[in-house]
Amino acid sequence: MSQDRHPSGAPWRNFYGRFKGKTIRASQKDYLENDLDDLSPGPIGWDVNPDRTPLDPQAIFDGKPLWLEIGFGGGEHLIGMAQANPQIGIIGCEPFINGVAMLLGKVRQADVDNLAVHPGDVRDLFDVLPDACVSKAFLNYPDPWPKARHHRRRFVTPEHLLPLARVMKPGAEFRVATDIESYVRQTLEEVPKAGFTWTAERPADWQQPWDDWISTRYEQKAIREDRTPHYLTFLRDGDAAPAG
């Protein structure tokens, strides 16, 4: 076995962040044990899909356009988008199991059927999504990694952006919301390199939220602490994703 691979066959990928936080309540354990498997978009992990067989996006949501939320936190935005857009299907990726448990509780209350959940690293999902299958993607208040030496851990690096570009359709929209100015700068520098165009034409285009924006607990915390939200919109370029 190559030293750059896990015994399962998976590539060694550094993951920075938490998989689990405070104790999960009994009700949340119930959600995880009884609801999570039914919301799977298909075999994603290396343990269940060692051959990396691609998923069939048309089969996940009966042919509906596919959206993706990367790191859904407590699930407020993910649930809201699923409710407001029954004509699409949306996959949410979140490795933090406490956030997954919170989302599952909201799913029970909302009774939505156009939502799927991958409780893990979005890079594993990228592995098994075919080219140009995602119509819209969201990155809302990602982990800021504020120290300069940790900026390489952010999502807006080639390791994440190039696979994202590959799975997005030409012209597909990629939204990034953050209150961290250095994250904004890094996003504006790195995302276009991966094959996207920033659509802003005037300050209001990044100072004002999208018309269908659903605020999250992270945004409300940022506002309480006098940090300014930024709303960045990119479109996937029409050519092939850059090699890398």
### Query
What is the residue count in the range 19-65 for residues that are part of a loop (DSSP other than H, G, I, E, B) and open to solvent by 50 Å² or more (accessible area, probe 1.4 Å)?
17
### Query
Across the range 66-83, what is the number of residues that are in a helix (DSSP H, G or I) and buried (at least 21 other Cβ atoms within 10 Å of the Cβ)?
5
#### Entry: Matching residues, the range 123-169, being at pLDDT 95 or above, small (Gly, Ala, Ser) and farther than 22 Å from Glu76 by Cβ
Ala132, Ala165
### Message
Can you report the number of residues in the range 135-193 which are in a helix (DSSP H, G or I), open to solvent by less than 20 Å² (accessible area, probe 1.4 Å) and aliphatic (A, V, I, L, M)?
### Response
6
### Message
Being open to solvent by 20 Å² or more (accessible area, probe 1.4 Å) and under 16 Å from Thr23 (Cα atoms) is the filter here; which residues of the range 96-111 pass it?
### Response
Phe96, Ile97, Met102
### Task
Mind listing whichever residues of the range 112-134 are in a helix (DSSP H, G or I) and either of a type outside the set (A, V, I, L, M, F, W, C) or surrounded by fewer than 14 Cβ atoms within 10 Å (Cβ to Cβ) (or both)?
Arg123, Asp124, Asp127
### Query
Any residue at all in the range 9-17 that is in a loop (DSSP other than H, G, I, E, B), within 19 Å of Gly92 (Cβ to Cβ) and at pLDDT below 75?
yes
### Task
List every residue pair whose Cβ atoms sit under 9 Å apart, with the two residues 6 or more apart in sequence or on different chains, where the first one lies in the range 176-194 and is among the acidic types (Asp, Glu) and at pLDDT 95 or above and the second, anywhere, is part of a loop (DSSP other than H, G, I, E, B) and open to solvent by less than 60 Å² (accessible area, probe 1.4 Å).
Asp179/Tyr141; Asp179/Pro144; Asp179/Pro229; Glu189/Val156; Glu190/Arg154; Glu190/Val156; Glu190/Thr157
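The values are calculated or read from the model by the stated rules, or taken from the named source; none is laboratory data. No experiment lies behind these values; they were computed from the predicted model shown. Backbone-built Cβ (ideal geometry, glycine too); neighbour counts: all protein chains shown. Just the protein is used for accessible areas: all its heavy atoms, side chains included, with ligands, DNA and RNA removed. Shrake-Rupley method; radii C 1.70, N 1.55, O 1.52, S 1.80 Å.
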